[in-house]
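One structure is given below, encoded as structure tokens.
Each value in this text was obtained by applying a stated rule to the coordinates, not by laboratory testing. Everything numeric in this text was worked out from a predicted model, so none of it was measured. No Cβ is skipped: glycine too gets one built from the backbone with ideal geometry, and neighbour counts run over all protein chains shown.
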Amino acid sequence: MTLRALKSSLLLCISLSLLPCLGMAEESSSSTTGLLQALASSNALLRQDAARGLSEQSARSDIGNEALPFLRAGLTDKDMLVRRHCALAIGRLASLKHIASKSKDGTAFGKKVGVDLSADPLLRAALIKSLSDRDPETREYAAASLGMGFIPAREIEEGLLARGRKEKHPQVLRVLLGALKRGRYSSPKTVKFLEKISRSGEGSLRPIAQGILKTIR
């Protein structure tokens, strides 16, 4: 373990009052509270570890609506890794919520999902803004969140299209196309965008755009 990593781990342990610790114990509501508090730290390494911990908890749907304002604030953090992991946490929550909405018993992998992204009225706009983040992974997770975590809306469609017209990263575009498909967006602007991708987009993206066009025409 490097000196930087060791320092970061110790700072996180102190913040969560978990010393001595050699790895994360099973998360609880108290540890979530500690992570949320650490996310507001002035120490970038501590914020990084807190954001990473929250993204891991979100994969198991172990955090609730109370975390959303903190994750939203993390989307504008000056540290790229903090922004990335906060966007990833939100994206994982959106994915689980989407899976639960499609399952017969209303669960994701047998577990209830106790978070609703719309509970934070400012989160949607923050994610749309994150579509312009310098980090492509943050943009990817923001697009995924908008596609799976919210009721389709014109603002979301316009945000996805605005990013799509200038996006150069194939994976971000792939996720963005998926968000447009899930939202069943079919405005003339969306059709025009999809037609352009289907004709002159990166090779693996063309059949995706063509398939979406078939479903909305």
Completion exercise
Exactly one of Leu96, Leu54 is in contact with a strand residue (DSSP E or B) (Cβ under 6 Å, 6 or more places away or on another chain), surrounded by 23 or more Cβ atoms within 10 Å (Cβ to Cβ) and in contact (Cβ under 8 Å) with a residue 24 or more places away in the chain, and that residue is Leu96
Exercise for the section: Inspect the range 59-66 for any residue being in a helix (DSSP H, G or I) and buried (at least 19 other Cβ atoms within 10 Å of the Cβ) and give the result as yes or no. Expected result: no
Completion exercise
Those residues of the range 67-93 which are under 14 Å from Leu36 (Cβ atoms) and surrounded by fewer than 18 Cβ atoms within 10 Å (Cβ to Cβ) amount to Pro69, Ala73
Practice task
Report the residue count in the range 133-175 for those that are aliphatic (A, V, I, L, M) and under 21 Å from Ala59 (Cα atoms).
Solution key: 7
Practice task
All but one of (1) among the small types (Gly, Ala, Ser); (2) touching a residue at least 40 places away in the same chain (Cβ under 8 Å); (3) within 26 Å of Ile212 (Cα to Cα) hold for Gly159, so report the exception by its number.
Solution key: (2)
